[in-house]
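The values are calculated or read from the model by the stated rules, or taken from the named source; none is laboratory data. In this text, all values refer to a predicted model and were calculated from it rather than measured experimentally. Glycine also receives a Cβ, built like all others from the backbone with ideal geometry; neighbour counts cover every protein chain displayed. Calculation scope for accessible area: heavy atoms of the full protein, side chains included, ligands and nucleic acids excluded. Shrake-Rupley method; radii C 1.70, N 1.55, O 1.52, S 1.80 Å.
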Amino acid sequence: MKLTMTDDLLEIRLEGLEQVWSVKPGPLKIPLEHIVSATLGEPPLSWKHLRIPGNYLPGVIHAGSYLSKRPADERWVWEFWYVTRGKDVLTLELKDEHYKRVVIALDDAPYWADALGTPAGKAR
């Protein structure tokens with residue numbers, strides 16, 4: 001997985017088998033102004049979490065598009081996940097996007113949480 005950031009856009013490009021497991025051939029392009037927060041750690045899952053489409057093997061991989069019911073307001077929202085074991089997890093909360101949450105595992109997740117989660121990072 002490769003992340004790149006320009007002045008106003010974050011691009012998440014899945015590579016090779018990541019595209020296969022997540023059933024997502026193209027990159028995710030997110031305007032920086034649509035990123036509400038960027039934090040480390042995996043958000044809690046609800047039992048109302050439908051994989052449409054994607055792959056899941058407990059403790060190994062959680063990848064693809066998911067329709068999840070948020071417990072706070074009982075709304076169904078789309079989320080994109082690509083989490084594998086052994087890497088730090090970055091969670092992006094989004095507004096005005098198809099996916100309201102993007103959860104990805106990266107070797108350099110602390111860097112991206114810092115770069116995207118601060119006002120200086122959002123201004124780039």
*Whenever you get a sec, compute what percent of the accessible area on the chain sits on carbon and sulfur atoms (1.4 Å probe).*
55
*Give me the lysines in straight-line cross-link reach of Lys24: C-alpha distance below 25 Å, same-chain residues under 8 apart excluded.*
Lys2, Lys48, Lys69, Lys87, Lys95, Lys100
*asked:* Give me the one-decimal nm value for the distance between modelled label points at Arg51 and Thr6, 7 Å along each residue's Cα-to-Cβ direction.
replied: 3.4
*When DSSP beta bridges are limited to those with both residues in the chain, what percentage is antiparallel, rounded to the nearest 5?*
90
